[in-house]
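Engineer: Take this structure, written in structure tokens, and hold onto it; I'll ask about it next.
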Amino acid sequence: MGIITGGTRQGHEPELTGVVIRSSAGHLLVAVDGTIWRCQMRGRLKRGKRQSQTVAVVGDRVRIGAQDPHAEPPRGVLEEVLPRTNRISRMAARRTGGHVEQVLMANLDQVVAVQSIAEPRPQTGFVDRLLVAAERFGVAGVLVLNKADLPEPADQKTMWDYFVSMGYKVLRTSAETGQGGPQLADLLKDRVSLLIGASGVGKSSLLNLVEPGLRLRVGEVTGKTGLGRHTTTSTELFPLAGGGFIADSPGIRGFDPWAIAPRDVRDYFPDFAEPQQACRFRTCLHRDEPVCGVKEAVAKGRIPRWRLAAYLSLLGDLEERAERLGPRKRP
Ligand SMILES: Nc1nc2c(ncn2[C@@H]2O[C@H](COP(=O)(O)OP(=O)(O)O)[C@@H](O)[C@H]2O)c(=O)[nH]1
Ligand SMILES: [Mg+2]
Ligand SMILES: [Zn+2]
């Protein structure tokens, strides 16, 4: 994989390519041949036509110009973001009205949705939405259930078993007892992964478990809300000693996938594919339409109710956004 090994190019001015390992407010850390450069964005890149909230994100391959190669750390300026093979994006905060894309990471192999069995409890619909985005952007989606040392309610287990039945990998771990550690290390090895989940589920703890050298800061879960404090403040990419790269991200709660037309949402629910062949209308949205194969599958217990609810909730949110933006700006 070697995405962090960039390369130098001969020329009048030294030009370097590397990988963004951290990006915040116009400042980047870029790994070039194992050396970390601190880089600034040029104004024209910041103001570029691209609507993405973040022009250069973690995982992006970039070309930089050296400004002060002998400084500690060496300093450079971002010249160009090289084309992405893929990305994971959501809509930026609601107050932007759904116009702004927030790219969480570029050039990745898999997104690992981390939830905890308790403290905090799993968020309804979050995993469903994240997996929709993964399917949409051509990234593999994997589930990790952390805090497996805590008792797991039966209805939760049924829910995760359903994701297994759809073909997703579900791994139970405990950063406390070390359970599932070797399996998680195996899952991450030689791949470029992004860990996503609410604050407090144990993302940083899990990374410390598989890569003790990282010594990431771990937050306390506050008693009142059961949610963690945001001790990880920006997404950061780390090389793994055994091969591969892993990005730890600050806790995110909501996830509205970017660039999905409402009518296409159903195609990213793989469990709907077969039952929806029985829908009377080829364009059935499985909502109010008569003779709907998906609703029938729910009635017969073959698709759980919460799964249809997760779909309808996402559909509603994307429709609302499309309405706000008007027909011309729909993705
Ligand atoms: N019981 C239990 N607690 C855990 C486990 N993993 C993490 N924690 C605790 O959960 C809290 C949040 O952990 P942290 O790694 O900062 O979560 P992050 O916000 O997702 O990075 C800390 O108090 C950890 O000690 C686990 O497997 N079991
Ligand atoms: Mg963290
Ligand atoms: Zn239908």
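The values are calculated or read from the model by the stated rules, or taken from the named source; none is laboratory data. Please read these numbers as outputs of a predicted model, since none were measured by experiment. Cβ coordinates were reconstructed from backbone atoms using ideal geometry, including for glycine residues, and neighbour counts include every protein chain displayed. We work out accessible area using only protein heavy atoms, side chains counted, and drop any ligands, DNA or RNA first. Shrake-Rupley method; radii C 1.70, N 1.55, O 1.52, S 1.80 Å.
Engineer: Do you know the relative contact order of the range 262-326, to the nearest whole percent, from alpha carbon pairs under 8 angstrom that are 6+ apart?
Structural biologist: 30
Engineer: Any idea which of Ile196, Met166, Leu143 is furthest toward the positive side of the dipole for the range 87-248, if Lys and Arg beta-carbons carry +1 and Asp and Glu beta-carbons -1?
Structural biologist: Comparing the listed Cα positions along the dipole, Ile196 ranks first.
Engineer: Loop only per DSSP, at most 12 neighbouring Cβ atoms within 10 Å: give me the chymotrypsin sites (Phe, Trp or Tyr not before Pro) in the range 253-331, ordered by residue number.
Structural biologist: Details: sites: Phe255, Trp258, Tyr268, Phe272, Phe281, Trp306, Tyr311; in loops: Phe255, Trp258, Phe281.
When the chymotrypsin sites (Phe, Trp or Tyr not before Pro) of the range 253-331 are filtered for loop state and at most 12 Cβ neighbours within 10 Å, Phe281 remain.
Engineer: Could you work out the relative contact order of the range 82-153? I mean the mean sequence separation of Cα pairs under 8 Å and 6+ apart, divided by the number of residues, in percent.
Structural biologist: Working: 100 pairs, mean separation 24.4, N = 72.
Rounded, it is 34 percent for the range 82-153.
Engineer: Still on this structure, please answer the following. Spin-label point model (7 Å from Cα, Cβ direction): what's the Asp33 to Leu312 distance in nm?
Structural biologist: 6.0
Engineer: Please compute the contact order of the range 87-248 in relative form: average sequence separation of alpha-carbon pairs under 8 Å and at least six residues apart, divided by the residue count, as a percent.
Structural biologist: Working: 294 pairs, mean separation 35.4, N = 162.
Relative contact order for the range 87-248 comes out at 22 percent.
Engineer: Ok, one more. Could you put Lys300, Lys147, Lys295 in order of accessible surface area, largest first, with the 1.4 Å probe and the full protein assembly present?
Structural biologist: Lys300, Lys295, Lys147
Engineer: With the crude spin-label approximation of a point 7 Å out along Cα→Cβ, what separation in nm comes out for Leu150 versus Ala278?
Structural biologist: According to this spin-label approximation, the distance is 3.8 nm.
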